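The values are calculated or read from the model by the stated rules, or taken from the named source; none is laboratory data. Remember, predicted model here, so these are calculated numbers, not experimental data. With ideal geometry, Cβ positions are generated from the backbone for all residues, glycine too; neighbour counts draw on all protein chains shown.
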């Protein structure tokens, strides 16, 4: 079993056939996550993707957390390493999910203010300046707003019974499917599930898996007439920039990796 951790700091543990998430801090984010998980799951259940995707059922919501059904399954690293032949089918499904999210969205004028409010003071100033400059160029363009998981990285998918279970929904600063596109790029840019796991070193199968995911995602963005590449770029860069406040003290290697990927994204502009 490969363990994948996160940055939230919430208490998370199994209790019989249920999985519990609780916090001793401000519960608003966690409670929003629970209600969002219910709403997204209900919408997905009524879609033509219900035979592929599942959302664990939230069984109870209380003052500082919630309980949901526990799903025993594999993560993306185990699939890449031991069952690489399944990866094509999984990526096909993920891209269908993105298409579904965009189909549930509506066009609204793009707003720059949420970006200004969400940029952390610890984010390198050169990236902040570049991002805000590019955002202002898009202020009169229409952006898709609507259904989004919020943190659609492979680390938040559990593979069980030939289904993909989506977990760890996130309250987003901008409610758009481009947020999920950006999170998948974060997975590709940083090998996120690998970075957050207890694995010490990436093997050939996992590297090949990430290369394939990157290739398919790029292909999807370039060929999809619904997708606006400019929004893909700014949300992708913003996703990386928002990681800087969460880098653990002393992790210069992680800082360097994220910084380099920001530079790479800008150079690809």
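Could you say which residue among 258, 266, 206, 234 is assigned to a helix (DSSP H, G or I) and surrounded by fewer than 19 Cβ atoms within 10 Å (Cβ to Cβ)? Talk me through it step by step, then tell me what you get.
Numbers: 258 fails: surrounded by fewer than 19 Cβ atoms within 10 Å (Cβ to Cβ); 206 fails: surrounded by fewer than 19 Cβ atoms within 10 Å (Cβ to Cβ); 234 fails: surrounded by fewer than 19 Cβ atoms within 10 Å (Cβ to Cβ).
Just one listed residue meets the conditions, 266.
Looking only at region 92-101, decide whether some residue is in the same structural domain as residue 213 (by TED's automatic domain parsing) and more than 21 Å from residue 193 (Cβ to Cβ).
Step one: filter region 92-101 for residues in the same structural domain as residue 213 (by TED's automatic domain parsing), giving 92-101.
Restricting the remaining residues to those that are more than 21 Å from residue 193 (Cβ to Cβ) gives 99-100.
Yes - at least one qualifying residue is present in region 92-101.
Any residue in region 51-60 that is more than 21 Å from the chain's Cα centre (by Cα), not in a loop (DSSP other than H, G, I, E, B) and not assigned by TED's automatic domain parsing to the domain that holds residue 135? Steps first, please.
At the first step, the residues of region 51-60 found to be more than 21 Å from the chain's Cα centre (by Cα) are 51, 59-60.
Narrowing further to those that are not in a loop (DSSP other than H, G, I, E, B): 59-60.
Filter again for not assigned by TED's automatic domain parsing to the domain that holds residue 135, leaving 59-60.
Yes, there is a match, as at least one residue in region 51-60 is more than 21 Å from the chain's Cα centre (by Cα), not in a loop (DSSP other than H, G, I, E, B) and not assigned by TED's automatic domain parsing to the domain that holds residue 135.
Could you tell me which numbered condition residue 90 fails, if it satisfies all but one of (1) more than 20 Å from residue 176 (Cβ to Cβ); (2) at pLDDT below 95; (3) crowded, with 19+ Cβ neighbours inside 10 Å?
So residue 90 meets the others, but not (2).
Confirm whether residue 68 is within 19 Å of the chain's Cα centre (by Cα) and buried (at least 20 other Cβ atoms within 10 Å of the Cβ). Spell out the reasoning first.
Values: within 19 Å of the chain's Cα centre (by Cα): no; buried (at least 20 other Cβ atoms within 10 Å of the Cβ): yes.
For residue 68, the condition - within 19 Å of the chain's Cα centre (by Cα) and buried (at least 20 other Cβ atoms within 10 Å of the Cβ) - is not met.
If you go through region 29-42 one residue at a time, do you hit one that is in contact (Cβ under 8 Å) with a residue 40 or more places away in the chain, in contact with a strand residue (DSSP E or B) (Cβ under 7 Å, 6 or more places away or on another chain), farther than 22 Å from residue 175 by Cβ and not in a loop (DSSP other than H, G, I, E, B)?
no
Go through region 115-155 and give me each residue that's farther than 30 Å from residue 90 by Cβ, in a loop (DSSP other than H, G, I, E, B) and free of Cβ contacts under 8 Å to residues at least 40 places away in the same chain. Please lay out each step first, then the result.
Going residue by residue through region 115-155, those that are farther than 30 Å from residue 90 by Cβ are 115-142.
Next cut, in a loop (DSSP other than H, G, I, E, B) only: 119-124, 138-141.
Selection gives 121, 139, 140.
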